[in-house]
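What follows is a short report on a single structure.
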Amino acid sequence: MSTLRLSYYTLSSEAYQGFAATKKALEKSTLGKALIELVYLRTSQINGCSFCLEMHAKALRKDGMPDHKIDSLAGWRVSSHYSARERAALEWTESVVAIDQTHAPDEAFDPLREHFNDTEIADLTFAIALMSAFNRLAIGMRQ
């Protein structure tokens, strides 16, 4: 990318700290770090944020996720590397990221109930929304 347009994280430090607090809260979620990072990575793929793509792929590798699983994420629907729980989360991720097109249908939401409790579904949705916001900041400000 080009030069950073604005140092948004220092210029709007209080707002940025709110995002950081949300991220920290999600780290305590029973979803688990690996699933959250996988969702962050998929969200960043959809949104086209190269900064976040590198960061989350690196974090997943550091925590032991196999390369083949990270490398096949964009094609998760036709890959055998993902559990039913991960598939439900990834379906919801795609639905929420493209909410202007999908309107988060029941077909994407209902399978979550088989794998997640209500708090986890809320946490998952916050993780998707948070990463979408971070993507928009990084892309818009050319991070």
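Classify segment 84-135 as rounded, prolate or oblate from the Cα gyration tensor: take a ≥ b ≥ c as the square roots of its eigenvalues, call it rounded if a/c is under 1.5, otherwise prolate when a/b beats b/c and oblate if not.
oblate
With every protein chain present, what is the per residue accessible area of segment 9-52 (1.4 Å probe, Å²)?
Result: 54 Å² of accessible area for each residue.
Rank-order 29-41, 55-67, 130-142, 13-25 by packing density, defined as the average count of other C-beta atoms within 10 Å over each peptide's residues, highest first.
29-41, 130-142, 55-67, 13-25
Counting only protein heavy atoms and a 1.4 Å probe, tell me what percentage of segment 1-56's accessible area is made up of carbon and sulfur. Walk me through the numbers before you get to the answer.
On the way: 1870 of 3310 Å².
Exposed carbon and sulfur together represent 57 percent of the surface.
Evaluate the distance, in nm, between pseudo-label points positioned 7 Å from the Cα of S50 and of Y8 along their respective Cα→Cβ axes.
Distance between label points: 1.7 nm.
Size of the dipole of the chain about the Cα centre, Lys and Arg at +1 and Asp and Glu at -1 on the beta carbon, nothing else charged, in debye to 20?
Charge dipole, the chain, about its Cα centre: 620 debye, nearest 20.
How far is helix 33-47 tilted, in degrees, relative to the longest principal axis of the Cα atoms in the chain, given as a value from 0 to 90 rounded to the nearest 10?
70
State whether segment 11-143 is rounded, prolate or oblate according to the following rule on the C-alpha gyration tensor (a ≥ b ≥ c being the square roots of its eigenvalues): a/c under 1.5 gives rounded; otherwise a/b larger than b/c gives prolate, and the remaining case gives oblate.
rounded
Compute the separation of the alpha-carbon centres of segment 42-71 and segment 96-133 and state it in Å as a whole number.
Taking the Cα centre of each part, segment 42-71 and segment 96-133 sit 19 Å apart.
Which of rounded, prolate or oblate describes segment 1-67 when judged by the alpha-carbon gyration tensor and an a/c cut-off of 1.5?
oblate
How do the peptides 72-79, 119-126 rank, highest first, by the average count of neighbouring beta carbon atoms within 10 Å per residue?
Listed from highest to lowest mean packing, they are 119-126, 72-79.
Just name one of A15, L112, M141: the one whose Cα is farthest towards the positive end of the charge dipole of the chain (beta-carbon charges, Lys/Arg +1, Asp/Glu -1).
Looking along the dipole axis, the top candidate is M141.
The values are calculated or read from the model by the stated rules, or taken from the named source; none is laboratory data. Bear in mind the structure is a predicted one, so any value in this text is a computation, not a measurement. Every residue, glycine among them, receives a Cβ derived from its backbone with ideal geometry; neighbour counts consider all protein chains shown. Heavy atoms of the whole protein, side chains included, go into the accessibility calculation; ligands, DNA and RNA do not. Shrake-Rupley method; radii C 1.70, N 1.55, O 1.52, S 1.80 Å.
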